[in-house]
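Student: Got a structure for you, written out below as C-alpha cells; questions coming shortly.
The values are calculated or read from the model by the stated rules, or taken from the named source; none is laboratory data. Since the model is a prediction, treat every value here as computed from it, not as a measurement. For neighbour counting, all protein chains shown are included, and Cβ atoms are generated from backbone atoms with ideal geometry for every residue, glycine included. To get the accessible areas, we keep the full protein, side chains included, count just its heavy atoms, and leave off ligands, DNA and RNA. Shrake-Rupley method; radii C 1.70, N 1.55, O 1.52, S 1.80 Å.
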Amino acid sequence: MWCAIILAGGSGSRMGAGCNKVLLPLNGVSIIRRSVRAFLPFVEHIVLVSREEDMPDMAAEMAQDGLQVSIVPGGASRQESVWRGLQALPEACDYVMIHDGARCMIDGDTIARCIASAKACGTGVAAVAVTDTIKQVNGQEQAIHTPDRSTLRAVQTPQAFHLPLILRAHQHAMQEQFLGTDDASLVEHLGETVQLVEGNRRNIKMTTPEDMAVAEAFLQDSPAFPILRVGQGYDVHRLVEGRDLILCGVTVPHTLGLLGHSDADVALHALMDAMLGAMALGDIGKHFPDTDERYRGISSMTLLHHVVALLKEHHARVTNCDVTIIAQKPKLLPYIPQMRENVAKALSLPVERVNIKATTTERLGFEGEEKGITAQAICMVQEG
Ligand code: MG
C-alpha cells in the first residue's frame, strides 16, 4: 500500500501573506489542494501535517474536494513533523512519499518515477541538475570552494521510501540528534543508498510572491480546474427463483433473485458501466466477459474494485455517483444506507457523494411485472 505525507506546516513568512502560504489560491485553487490532488491517483491514503492553528482551514480545503485525508499536527521542526506524519500512517502502508505541500506544481510523471525507483531499490528522490555554479562561502561571504557543478543536484520532493527504511532513518537520526533538511539525508546518515530520479524544473517550491507569478505563468497552458468527465450506465437482469437478490453488495431478502454469470448485482453493473463510460474504456462485458470462468459467481464488489483500480491507472477517480434501481418488489428503502456505504467505501468517497434511489414502474413493463430489475447510473470522473 502506497501512502503520502504532505507537509503543510510552515508559516510562510517569506511570502508575506499573513497566513499559511499553502492556503493561498493559485489560479483559483489553493496550493495545498493542488498538492494533494496531484497524489490522489497514486496513493491509498494521504496524511496532511499542519500547524495546529491551521487544521480547521486545512480540513475546510480538503472538504471542498470531498477528500478523506488525515490531518495531524506538526512538530517544532520539519523532521519532527514528518515523524508525526509517519506515526499517523495506516498499518497496511508499506511505501510512503514525503512531499512539501508548497510544491504544488508537482507532475504525475515525476511522482511515477519516484514510485518506480522506490519499488525497485527502496528509495526514489526527485532531483534536477544544477545550472548555476555553486560556491561554498565562509562567514565573511567569501568564496572558499567551487564544487564541480556536474556532480551537483538540486533535490526536490516527492521523496519516496520503503516504509521500514525511512522509519529506521528517522529513529536513528533522533537517537543521534541529527537534523537533516530533507528525509533523504536521514537515509544517507544511516549509511544507506539514496537513489535520485529525474525531477521537473516546474516543480518549484512556493516560497516568495515571485514563485507564485512563475507558477501562474506555467499554469497558463493548463486548465485552471481538473478535467471532469461524465459517464452513464444501464443494465437489466432477469428475476428467477433460487437465486439471491444482491444489490450494491447487499443481500436483500426476497423470494426471487437476479440471474447472471456473476452475482448479477445489476446496480453495480450499471455503476461500473458509467465509470468505464466516463473514461471511454468500453463496458464491463469487455473487461469481464461472461464466457470467462474466472467471473462465474464472482461478487460484483470485487469487479468494482477492479474498475476503481483501472480508473486509477488512467489517473482518474469518481467524484460522485447517482444510481437508480427500478424494481416493483421488494421495498429497498431499508437497505439503501448500507448500499451507499458499500459503494462509498469501494470508491473511497464520503457517503454524501453517493446517491442510491429506488423506484417502481407502477406495475408497468417487465419491471412492473416482476420479471426483472433494471438499474441506471451516472457518475462524474475527475481526471488528473
Ligand atoms: Mg449485468
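Residues are listed down the side, and each one gets a yes or a no for (1) more than 16 Å from the ligand (Cβ to nearest atom); (2) within 30 Å of Gly372 (Cα to Cα):
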{"position": "Leu190", "(1), (2)": "yes, no"}
{"position": "Thr193", "(1), (2)": "yes, no"}
{"position": "Leu196", "(1), (2)": "yes, no"}
{"position": "Gly199", "(1), (2)": "yes, no"}
{"position": "Thr207", "(1), (2)": "yes, no"}
{"position": "Ile246", "(1), (2)": "no, yes"}
{"position": "Thr251", "(1), (2)": "yes, yes"}
{"position": "Leu259", "(1), (2)": "no, yes"}
{"position": "Asp265", "(1), (2)": "no, yes"}
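Student: Restricting to segment 47-73, name every residue that is closer than 26 Å to Val381 by Cβ and part of a loop (DSSP other than H, G, I, E, B).
Tutor: Listed by number, the residues that qualify are Asp65, Gly66, Leu67, Gln68, Val69.
Student: Look through segment 235-253, keep the residues that are at positive phi and in contact with a strand residue (DSSP E or B) (Cβ under 9 Å, 6 or more places away or on another chain), and return whichever of them is modelled with the lowest pLDDT.
Tutor: Gly242
Student: I would also like to ask the following. Do we find a residue being of a type outside the set (Phe, Trp, Tyr) and closer than 23 Å to Arg201 by Cβ anywhere in segment 41-63?
Tutor: Looking for residues that are of a type outside the set (Phe, Trp, Tyr) and closer than 23 Å to Arg201 by Cβ, one finds at least one in segment 41-63, hence yes.
Student: Let me ask another. Are any residues in segment 62-81 open to solvent by less than 30 Å² (accessible area, probe 1.4 Å) and charged (D, E, K, R), and if so, which ones?
Tutor: Matches in segment 62-81: Asp65 only.
Student: A follow-up question, please. Can you find a residue in segment 218-234 that is within 16 Å of the ligand (Cβ to nearest atom), open to solvent by 70 Å² or more (accessible area, probe 1.4 Å) and at pLDDT 90 or above?
Tutor: Checked segment 218-234: at least one residue is within 16 Å of the ligand (Cβ to nearest atom), open to solvent by 70 Å² or more (accessible area, probe 1.4 Å) and at pLDDT 90 or above.
Student: Just wondering, is there one or more residues in segment 288-297 that are in a loop (DSSP other than H, G, I, E, B), closer than 29 Å to Gly365 by Cβ and of a type in the set (Phe, Trp, Tyr)?
Tutor: Yes, the conditions are met somewhere in segment 288-297.
Student: When Ser262 is evaluated against the numbered criteria (1) surrounded by 16 or more Cβ atoms within 10 Å (Cβ to Cβ); (2) in contact (Cβ under 8 Å) with a residue 60 or more places away in the chain; (3) hydroxyl-bearing (Ser, Thr, Tyr), which criterion, by number, is the only one it fails?
Tutor: (2)
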